[in-house]
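The structure appears below as structure tokens.
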Amino acid sequence: MTGTTSIESKDIDKATDFSLSGYNSAGVRAVFHGKEGGFCTTSYSFSMSQDAKNYSAARIALLLQIASGLTNEQISQMKLINR
């Protein structure tokens, strides 16, 4: 995203179209301001097998898709099951 508007915290809530990317598909990318950019990675989770890294990245992308449009405050207000 060189030469574009920087991503601010308020933009995170509006991110869309999460996808897997990067080394061995262990990263998650999102669309910010109409352009794709990096969001997070499990690439450096050395205690995980490659399968666990891929599974974790896919899980993050799926959960981010579900939460798209919600703020962190809204998400934290959801009732979580205590285990």
Per residue accessible area of the chain, 1.4 Å probe, in Å²: 75
To the nearest 20 debye, the chain has a Cα-centred charge dipole, built from +1 on Lys and Arg Cβ and -1 on Asp and Glu Cβ, of 220
What list of ³J(HN,Hα) couplings, whole Hz, do you get for segment 22-32 from phi and the Karplus terms 6.51, -1.76, 1.60, once you set θ to phi - 60° and write x for glycine and proline? x, 4, 6, 6, 9, x, 10, 10, 9, 9, 10
Out of the total accessible area of the chain (probe 1.4 Å, heavy atoms of protein only), what percent is carbon and sulfur? 54
Asserting the computed 222 nm helical MRE of the chain (DSSP H runs at least 4 long, -39500 (n - 2.57) per run, divided by residue count, to nearest 500) equals -9000 deg cm²/dmol
At q = 0.19 1/Å the base-10 log of I(q)/I(0) from the Debye formula over the alpha-carbon atoms of the chain is -0.89
The answer for residue 21, listing residues at least 5 apart or on another chain whose modeled amide H is closer than 5 Å to its amide H, is 26, 27, 28, 29
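The values are calculated or read from the model by the stated rules, or taken from the named source; none is laboratory data. Bear in mind the structure is a predicted one, so any value in this text is a computation, not a measurement. For neighbour counting, all protein chains shown are included, and Cβ atoms are generated from backbone atoms with ideal geometry for every residue, glycine included. Ligands, DNA and RNA are excluded from the accessible area calculation, which covers all protein heavy atoms including side chains. Shrake-Rupley method; radii C 1.70, N 1.55, O 1.52, S 1.80 Å.
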